[in-house]
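Read-outs: derived from the displayed coordinates by stated rules, not from any lab. Since we're looking at a predicted model, the values are computed, not measured. Cβ coordinates were reconstructed from backbone atoms using ideal geometry, including for glycine residues, and neighbour counts include every protein chain displayed.
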Amino acid sequence: MNILYINQYFSTPNGTNVTRAYEFSRLWMARGHKVTVLTTTANLVSEDLRNATGVFFKKLNVEGINVLTFSIPYRQKMGKMSRCLSWIAFLFVSVITALLTKNVDVIYARSTPLTIGIPAIAAKRLKKIPFVFEVTDQWPEILIEMGIIKSNIMIRALLWLEKTIYQHSDSIIVCSPSMADSVREVMVREKLKDKPITIIPNFSETSFYRPDIDGSAVRKERGWDDKLVFLHAGTMGRINGLDFVINAAEKLKEHRDIMFVLIGDGSQKPLLESRVKELGLANVEILPSVPKRQLPEIFAAADAGLVIIAKYPILEHNSANKFFDSLSAGKLILLNYSGWQGKVLEDNAAGFGCDLCNLEQFVEKVLYLHSHRELLVEMGRNARRVAVEEFDRDKLAMKALGIIESTAKCSTGA
């Protein structure tokens, strides 16, 4: 079976971004399928592009994955207009490429942005190719709730596009139970024909992040010693709401053996660094992004994982990658929200959630862990068990492949 995987932000372990498309493609190929990824160079690094051919349109092979990539920039620090232009540019070239790519049996379109669904619809309408649509962030509802888009015309256009993608897709995959409920609400409201909605969360890379990795060298190098270290490793954008961590650190600044470590990049990073300097906080470290291959040792050096969101209830539906990385590394997790991920932690004694952005509850949980450090091992062991039993990468990749295979078979009548 030939799968065309449309993912605007394809990334490999050489970079610093999410590698779901890379990992799934690799595992699907191991099962005998051919995968072609249609993407941009936005998240690819020089090591990935070393053997690429072409200038604007590049072809490369990544461990057997056929990658068709366009030199269209995208960065977290871009302004709204620049981001929109990036999405529109990829929309046009991906429609053309999807229509010209031969021998495709099924398309797997991974949002965001929502416009990823348009080339899939075009290929279905003009070439009769079925497609699976994966909802990773609930657009446009997130953009509307956060006030990122305010134009009534734009809101109506995006809601129409969302409905149209759901209507034309042959199957829908979502990354959380609450996201599945929201998609069903849209389908009922718009009176769309019922179709399969499958929950496949982001995954734990249980062979990559492991509790047996030694992080002592990192602790010694960073001077963490006997401190209680909470780690955020990921994007520092508006959605991530990391100013909440700075507020917590300010309340806990007298506890010199509690440390918050933020690793990554994003539009809010300069503001976070400025606040830390302004408040004179010695209990916050903000570090540069590192290649994914270096993260397991850093997770091993930390005591607990942090997953933080801004104060918008819809964000509790998300499926944060850093949540699953911490589980896999065998680290208890502290959230500043609850949602479905909070329930996973509560049901398995693998960490703590809070009411959304409740600073007092969050600080209380930090201090509780500070005085009950024996929980680090116990809850960390539970976290690892959950990663292996419920969120293992290979299991979830095969579940997604099952959806793709059944979609292709239904289309051919096999």
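A few points about this structure:
- For region 255-307, the fraction of alpha-carbon pairs in successive 5 Å shells from zero, as %: 4, 16, 26, 25, 19, 9, 1
- Under the simplified labelling scheme, the Arg189-Ile96 pair shows an inter-label distance of 3.6 nm, with each label point 7 Å from Cα along Cα→Cβ.
- Phi-derived couplings, Karplus 6.51 cos²θ - 1.76 cosθ + 1.60 at θ = phi - 60°, listed residue by residue for region 96-108: 4, 5, 4, 6, 8, 5, 8, 6, 8, 8, 7, 10, 10 Hz, with x used for Gly and Pro.
- Placing pseudo-labels 7 Å out from each Cα toward the beta carbon at Leu281 and Met1 gives an inter-label distance of 4.7 nm.
- Segment Lys399-Val377, length gained on full extension (0.36 nm per residue, minus Cα span): 4.8 nm
- Mean sequence separation of contacting Cα pairs (under 8 Å, at least six apart), scaled by the length of the chain, corresponds to a relative contact order of 15 percent.
- Its alpha carbons considered, region 216-390 gives a radius of gyration followed by a Dmax of 14.7, 44 Å.
- Over all projection directions, the Cα-based convex hull of region 76-132 averages an area of 3.9 nm².
- Here the 3J(HN,Hα) profile of region 80-92, calculated from phi with Karplus coefficients 6.51, -1.76 and 1.60 at θ = phi - 60°, is 4, 5, 4, 5, 4, 5, 5, 5, 5, 4, 5, 4, 5 Hz, Gly and Pro shown as x.
- With a Förster radius of 22 Å applied to the beta-carbon distance between Arg256 and Tyr368, the computed FRET efficiency rounds to 0.75.
- For the chain, the equivalent ellipsoid derived from the alpha-carbon gyration tensor has semi-axes of 36, 22, 21 Å in decreasing order.
- Of all lysines in the structure, those lying under 22 Å Cα to Cα from Lys124, and not within fewer than 8 positions of it along the same chain, are Lys34, Lys102, Lys163, Lys191, Lys193, Lys195, Lys409.
- 14 Å reach of a label modelled at Arg156, 7 Å along Cα-to-Cβ, counting backbone N of region 60-101: none
- Close amide H pairs (under 5 Å, H built 1.01 Å from N) link Thr198 with Ile172, Ile173, Val174, residues at least 5 positions away or on another chain.
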